[in-house]
1. Counting each pair of different Cα atoms once, what's the Kirkwood radius of segment 126-228 in Å, rounded to one decimal?
2. Could you tally the net charge around residue 122, taking each other residue with its Cβ under 12 Å from the Cβ of residue 122, Lys/Arg +1 and Asp/Glu -1?
3. So, in Å, what gap is there between the alpha-carbon centers of segment 202-220 and segment 145-185?
4. Once you place label points 7 Å from the Cα toward the Cβ at residue 80 and residue 155, how far apart are they in nm?
5. Tell me, what does the Kirkwood hydrodynamic radius of segment 1-108 come to in angstroms if you use every pair of distinct C-alpha atoms?
6. For residue 115 paired with residue 232, estimate the spin-label separation in nm (one decimal), with each label point 7 Å from Cα along the Cα-to-Cβ line.
7. How long is the gain from residue 27 to residue 108 if the chain were fully straight, where each residue apart is worth 0.36 nm and the alpha carbon distance is subtracted?
8. Give me the percent relative contact order of segment 126-228, please, defined on Cα pairs under 8 angstrom at least 6 residues apart.
Amino acid sequence: MNSIRVLVHGALGKMGTEVVKAIKSASDMETVALVDKGYSDESRYSDQSDILLSNDIESALISSKPDVVVDFTNADGCMSCVEIAVAKGVRVVSGSTGLTDKNIAKLSSLATEARSGILIASNFALGMVILLSLVRKVAPHFEYADIIEAHHEAKIDAPSGTALALAYAMTEQKEFRRNQTEIMNLDASTGGDINGVGVHSLRQPGRSAHHEVIFGASGQTLTLRHDVLSRDSYMPGVLAAVRSVSDIEGLVFGLENILGL
């Protein structure tokens, strides 16, 4: 059986570095190219000297001929990468942050037109995939809900894509009630609002990725929480996505859709 040929886009980033290590340890995959817009002659993997590293996604696709691109960049990086990749018949797995509803619609159109497959996930940790499944089941039984998410101080967007995914999952079938504060002593102190779900973001050093969902009803609360303690927790999900994307037609949003959840 031939190995799955993978190009990593955003290879010099924190997640990209972990992806490269995970693919190296997978017996059914090989990294054939590394792409990062921040590439320079000084920023080369010391143990990956035999693998092409560049800042040009199109030329890397042509020279390395991958089966799958794994993209961990940002919304702009993801959009440009996908448009080029699917046009060349290459499938894409992306965990890029900051994608809007308009971006998702465009990605779906690109995949359909190219008759290719794209898998987008806001979070690749198995525990978070299970949490997404749980909040859908719990939501109908409670009247109030809040999400508190915390990440490191360098994260560029708020709230996190995972927090947004949780809020939308919880409100697929309903809207929650929310207290209307009469006197607001500090603007935005009650957080954002998605269909009645309060969303609160913390950005502090020492954090990784933490999501807490608090449901409330008369006389009780239910708290569900997921904590990422290290980035290697995402890698089994990323590898599962790489193995599955060849069977996908169009756009699939959410890892739960390939894990039977």
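None of the figures in this text is laboratory data; all of them are computed from the coordinates on show. In this text, all values refer to a predicted model and were calculated from it rather than measured experimentally. Neighbour counts are summed over all protein chains in view; Cβ atoms, including those assigned to glycine, are modelled from backbone coordinates with ideal geometry.
1. It is 14.1 Å.
2. -3
3. 9
4. Between residue 80 and residue 155, the simple spin-label model gives 2.5 nm.
5. 13.8
6. Label at residue 115, label at residue 232, 4.2 nm between them.
7. 26.1 nm
8. 40
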